[in-house]
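J.: Below: one structure in structure tokens.
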């Protein structure tokens, strides 16, 4: 039961954190562009006017939430370990939480690195070879 509530809260926070960027991507800034004139701040979020830009904002928001969730798990495991008072069951529980949190963070980081590599290098047809200069006659 707790897992469902926590999962729904994480999904809600993810949507809530990406909402301002999605509104800007839709082109409706509700008059905030006029208020921003005269400041040195950019008037639009760069790269969010397209679907890949919106997807990038959502992925970055999700990764930020995963980092926060990892931090919370580590603090919780530390508190469980400190409150164990030498109880081997509680120490083992805290160690398991730490190992699981680190494993999850490594898996998520690897998935992000692989997908970022694929979309930037392979997806765009980028080549690492230098351009060939045309021969002069």
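The values are calculated or read from the model by the stated rules, or taken from the named source; none is laboratory data. Source: prediction; values computed, not measured. Virtual Cβ from ideal backbone geometry, glycine too; neighbours counted across all protein chains shown.
J.: Residues of region 93-103 being surrounded by 13 or more Cβ atoms within 10 Å (Cβ to Cβ) and either in contact (Cβ under 8 Å) with a residue 60 or more places away in the chain or out of contact with any helix residue (DSSP H, G or I) (no Cβ under 7 Å at 6 or more places or on another chain) (or both), which ones?
T.: Of everything in region 93-103, those that are surrounded by 13 or more Cβ atoms within 10 Å (Cβ to Cβ) and either in contact (Cβ under 8 Å) with a residue 60 or more places away in the chain or out of contact with any helix residue (DSSP H, G or I) (no Cβ under 7 Å at 6 or more places or on another chain) (or both) turn out to be 95, 102.
J.: Another question, if that's okay. Filter region 78-118 down to the residues that are over 28 Å from residue 60 (Cα atoms) and either in contact with a strand residue (DSSP E or B) (Cβ under 6 Å, 6 or more places away or on another chain) or in a helix (DSSP H, G or I) (or both) and list them by number.
T.: Within region 78-118, 79, 80, 81, 82, 88, 89, 90, 91, 92, 93, 94, 95 qualify.
J.: Between a first residue in region 69-92 that is more than 26 Å from residue 9 (Cα to Cα) and a second residue that is exposed (fewer than 13 other Cβ atoms within 10 Å of the Cβ) and modelled with pLDDT of 90 or more, which pairs have beta carbons less than 8 Å apart while being 6 or more apart in sequence or on different chains?
T.: Here the result reads 90/83, each pair linking region 69-92 to a residue that is exposed (fewer than 13 other Cβ atoms within 10 Å of the Cβ) and modelled with pLDDT of 90 or more.
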